[in-house]
Amino acid sequence: MSARAVLAVDHGTKRTGFASTDPLRIATRPLEVWQGAGDDPRLVEHVARLAAERDAGVVLVGLPYNMDGTLGPRAQDVLRFARALAARLPDVAVVPRDERLSTKEAEALLREAGHHGDARKARRDSWSALVLLRDWLDAGEPREALPE
């Protein structure tokens, strides 16, 4: 089977960011942000479309652990979303990934790239997904199961 792309998701309550890589893992890039509630059923369909357009074999979902390593209420929302994705995309691996500090790193990258104010805010979620994706690739693409 040939290599497939990866789609990363930074799930949010008001905005959800995305990033992707090509099947050969050469180029990573942020994608357009989804503007809308994180529990909107259309978000799952939006992700399914993005995954299909890119022939993604993996959808990486940022999981917001607490700083002490536990899963809080926000993480439970993201897990519900990830499980809905897994049900909607049976031929795609839905992989959770610790996203602690990805937003801070994304903010730093955006500052370095010269984005300020509203422009930075508009891009932050997808750049957080980009940080998540790059960290996962650098870690050797570990395939964790969704926590119960």
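For PRO90, the criteria (1) at negative phi; (2) part of a loop (DSSP other than H, G, I, E, B); (3) in contact (Cβ under 8 Å) with a residue 24 or more places away in the chain hold in every case but one, which is (3). When region 60-83 is filtered for residues that are within 17 Å of THR28 (Cβ to Cβ) and either modelled with pLDDT of 95 or more or surrounded by fewer than 16 Cβ atoms within 10 Å (Cβ to Cβ) (or both), the ones remaining, listed by number, are LEU60, VAL61.
Checked against the criteria, ALA27 counts as in contact with a strand residue (DSSP E or B) (Cβ under 8 Å, 6 or more places away or on another chain), over 23 Å from LEU79 (Cβ atoms), modelled with pLDDT under 95 and small (Gly, Ala, Ser). Restricting region 113-143 to residues that are acidic (Asp, Glu) and at pLDDT below 85 leaves a set whose member that is nearest to PRO90 (Cα to Cα) is ASP125. From the list PHE81, PHE18, the one residue that fits, being touching a residue at least 60 places away in the same chain (Cβ under 8 Å), aromatic (Phe, Trp, Tyr) and in a helix (DSSP H, G or I), is PHE81.
Which one is modelled with the highest pLDDT, of the residues in region 32-59 that are surrounded by fewer than 18 Cβ atoms within 10 Å (Cβ to Cβ) and in a loop (DSSP other than H, G, I, E, B)? This residue is ASP55. The residue pairs whose first member lies in region 32-46 and is under 16 Å from VAL61 (Cβ atoms), whose second member is among the hydrophobic types (A, V, I, L, M, F, W, C) and assigned to a strand (DSSP E or B), and whose beta carbons are closer than 8 Å, counting only pairs six or more residues apart or on different chains, are VAL33/PHE18; TRP34/PHE18; LEU43/TRP34; HIS46/TRP34.
The values are calculated or read from the model by the stated rules, or taken from the named source; none is laboratory data. Since this is a predicted model, take the numbers as computed values, not measurements. Positions of Cβ are backbone-derived with ideal geometry, glycine not excepted, and every protein chain shown enters the neighbour counts.
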